[in-house]
Structures are given as C-alpha cells and as structure tokens.
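These notes are about the structure you will find just below.
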Amino acid sequence: MQMTPRQQQRAVWLTFAAFSVVAVWIAIFMPQYDVSEYHHYAVLATTPPILHHWPREYPALSQFVFLLPLLLPFSYRFSFAVLTLVILGLLLNAGMKRHGYVWALKLLGYLSLGTIGLFAQRYDIFASIFGFLAIEHALQRKWSWAWIFSVIGFLLKLWPAVFWPVFLIQEWRETKRLRWDRFAVSLLTGLVVIAFQALTASHQAFTSFRYLLDRPVEIGSLAASLTSLVTHPHLFAAFGSIDVRAHGMAHLIADVVTALGIVSWLSVFWAQWKGRMEFVDAAIMTLGILLLATKVFSAQYLIWFAPLLALKKGNGGFLLAFALTTVGYPVGYAVPGMFKWVIYIFTARNLFLAAGLAYFAWNQSRSVHASLPLEEEVGH
C-alpha cells in the first residue's frame, strides 16, 4: 500500500525525531572533546581584543558557528547538539522539496549507520548543508548561487572547493562557456577572508591550511590502512587524533595515495568533460576520492558524503563503509580491548568504500553507455 504525501512526511520527521533523541543522548552522556574545543574558541572570540582570536585548525567562518550556542539559554554542549539537528532539519526540508521522502530517509539511514555516535558533537553538518545546496542549485542551473554556497562551505571547512572543477565543466557543457571568472571570484573571496584574519590576528593567517599540511597520517586514512598492511605501524597521539608512523613509510604511502587521487580526479573530470559521467556522479566521485586520497579521514567526514549519496542508488560497499566507520569510531575507542583492532576496522572500511566507489563508477558508465544513441555508440 502506497503512502500518501502526508504519511511520507510523517515517516521522515518521526525518523528524524528518533535520530535526534539518540544523537542528543550520546552528546550529553558520552561527551567528546571536540565540543569543548569549539567552546574554547567561542570564549576566546568574545575575549578582548575582539576579532583577535580565530580557530587555529578551521577556516575563519567556523568561528561564527562556534559562537551560535552562546546565544541559547542552555549549556554549550546541549545548545550545540540542538543547533546541529536544526541544520539537519533544514537540510531535510530543502532536499525533500525536490527529491522526496526516499532521499530524506536514505540520508537519515546513512547518518544513523555511520555518524550517529558523533553527529551532534561535530560542526560538519554546517559545511555539509552548504555543499549540498551548491550541488542542488547547480542541478537547477542557478550557477551563481551554486558557487556562492560552495564558497560559504569552503570558508567553513575547505572541502566544498573540490566541486569547483565539476562546476566549471558542467556549466561549459551546458553553455559552451568556461566561466573562469566564477572560479577567480571564489578564490579571491577566500583570500579576502584570509587577509581579514591577517589584519586582525597576523599570527593566525593561514593557520587552518598549515594545520592540515602539518598533520601526520591519521589512523582512519587509506594511507594508514595501507601502511598497516605492509608493515607494523606505530600509533601516537597528535593534533587531536591518533596517528600512524612507520619509519617514514606512512608518509611515503600517503604521498603515493595522494598522487593516485589526483590522477583519479583527472579521470573523473575527463569523463565528465566528454559527457561520459553525469554531474551528480562526478560530484560524488570527486568527494569520495578526496576522502580516500588525503592523509586525514575522520569519521565525521561521512556527514559531507551522505546527502550526495542519498541522491543516487547505493551499494553494499557504501553501506558497509558507513557501518564500519561507527564500529571503528566511537565504538572501537570506547570498548575496552578493542582499540588495537581499530586500524584494521578502518582498513576494511576504506577498502569497502573504494570498492563502492569503483562499482558506482562502473555502474554509472554502463548506464551512460546504454543511453547513447546507436550512431554515437558506434563512433566510440
């Protein structure tokens, strides 16, 4: 029996309510360090001289996210959790208008499977909603808004910039105009914000970029996974995470993985340029490659990925990758005696994610090939 639109909406919001209750309970009774750090940044920002303190590891716009909980009459931790769920509610409402309740339930399913243990204690949903809105407006050919939302996301957490080449190519395919001006304005906006940071607190200009570059190989990354398969890694704590080293081997593997990631990006861009990959597929592949190719792959990064994956048919690789992320963190960190297996849990997660992306790319190329007119297919 098919549900009515009202029943569909009710199902989504009931699922959202259940997700919210669990996420808030975890945030209150299983507190993690990150929210304390956000609170510290907010307190510093309100300490004279004003505008002299910025987050050392996040872009400047994140400061305003960290200040928001101070406006609510509750504890900082509870207020922050509530705000993350408000943003998720806004994301669900915006996405359902065009993609329906199935998209919303898939999004909540991915988030429940892979990130509910930390969702309300990370600010990634704030960047995620802008990344999704950027893709959403690009689908509607509202390119100016697509770039604006991606820039806001970039100023919150950098990663939405990976969509910029996808935007350039897609707009060129639709208009035959390569809009380098949009790309230039986006870069200029980032530089203006960095310049503002430098003027108000010169010691904190480029800190988020330096923080990322200086970080060692994090335990959840594909580079750490491959290191654990070829040698016995040494684990140590640094930069707020557990990291891996192996007599220089980890960094060498990380460099190779990054190089392979760049080559993979170029192949995605080429396929999109030639019309062999659809826009959303190219965005999913570009972001998925980023997750696997960088030396840091924290569990909360799946919050970025889930709204895009929900737009398309999933596969077992993605589901297992999300599930194993929760098994690795926070479960693997919390259960006594389990931590020694965490790096291998993340290794399995990364292999399943890579397999899921490979299958996704193969499946979409098959569907694009099948949709080609006969004469074009023969020409290829």
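Rounded to the nearest percent, how much of the accessible area of segment 28-150 (1.4 Å probe, protein heavy atoms only) is carbon and sulfur?
The computed percentage sits at 69.
Just to be sure I understand: if I project the alpha-carbon convex hull of segment 177-279 onto a plane and average over all orientations, what area do I get in nm²?
9.6 nm²
Put one equal scatterer on each alpha carbon of segment 225-331, apply the Debye formula with no solvent term, and list log10 I(q)/I(0) at q = 0.18, 0.20 1/Å to two decimals.
After summing over all Cα pairs, the log10 values are -1.04, -1.19.
Tell me the relative contact order for the chain as a rounded percent, counting alpha carbon contacts under 8 Å between residues six or more apart.
Here the relative contact order equals 18 percent.
Semi-axes, largest first, in whole Å: what does sqrt of 5 times each Cα gyration tensor eigenvalue give for segment 1-130?
Ellipsoid semi-axes (Å, largest first): 31, 15, 12.
Going 7 Å from the Cα of VAL43 along its beta-carbon direction, which residues of segment 226-252 have the amide nitrogen within less than 19 Å of the resulting point?
Residues 240 fall inside that zone.
In nm², what is the average projected area of the convex hull enclosing the Cα atoms of segment 30-83?
The number I arrive at for segment 30-83 is 3.8 nm².
Measure off 7 Å from each Cα along the Cα-to-Cβ vector at PHE339 and PHE236, then give the distance between these two points in nanometres to one decimal.
Distance between label points: 1.6 nm.
Could you give the dipole magnitude of the chain about its Cα centre, charging the beta-carbon of Lys and Arg +1 and that of Asp and Glu -1, in debye to the nearest 20?
The calculated dipole for the chain is roughly 540 debye.
Full-extension gain between ARG98 and HIS52, please, as 0.36 nm times their residue separation minus the C-alpha to C-alpha distance.
Result: 12.3 nm gained on full extension.
Given a 1.4 Å probe, how much area per residue of the chain is accessible, in Å²?
46 Å²
Taking chymotrypsin sites (Phe, Trp or Tyr not before Pro) as candidate sites, keep only those in a DSSP loop with at most 16 other Cβ atoms within 10 Å, then name the longest stretch of the chain containing none of them.
240-380
Which whole number in µm²/s is D for the chain by Stokes-Einstein, with the Kirkwood Rh taken over Cα pairs at 20 °C and 1.002 mPa s?
Numbers: Rh = 21.8 Å.
My calculation gives 98 µm²/s for D.
Testing the spin-label approximation: label points 7 Å from Cα along Cα→Cβ at LEU70 and TRP172. State their distance in nm.
Once both label points are built, they end up 4.5 nm from each other.
For every helix of n ≥ 4 consecutive DSSP H residues, a contribution of -39,500 (n - 2.57) applies; sum these over the chain, divide by its total residues, and give [θ] at 222 nm rounded to the nearest 500 deg cm²/dmol.
Calculated at 222 nm, the ellipticity per residue is -22500 deg cm²/dmol.
Roll a 1.4 angstrom probe over the protein heavy atoms and tell me the percent of accessible area of segment 208-288 that is carbon or sulfur.
C and S fraction of accessible area: 68 percent.
Could you tell me the accessible area of HIS99 in Å² (1.4 Å probe, neighbours in place), rounded to the nearest ten?
60 Å²
Principal axis lengths of segment 279-319 from Cα atoms, whole Å, largest first?
27, 21, 16
Tell me the label-point distance for the pair PHE29, TRP362, using the 7 Å Cα-to-Cβ offset, in nm and rounded to one decimal.
4.4 nm
The values are calculated or read from the model by the stated rules, or taken from the named source; none is laboratory data. Predicted, not measured: the structure shown is a model, and the values here were computed from it. For neighbour counting, all protein chains shown are included, and Cβ atoms are generated from backbone atoms with ideal geometry for every residue, glycine included. Protein only, heavy atoms only, side chains kept; ligands, DNA and RNA dropped before computing areas. Shrake-Rupley method; radii C 1.70, N 1.55, O 1.52, S 1.80 Å.
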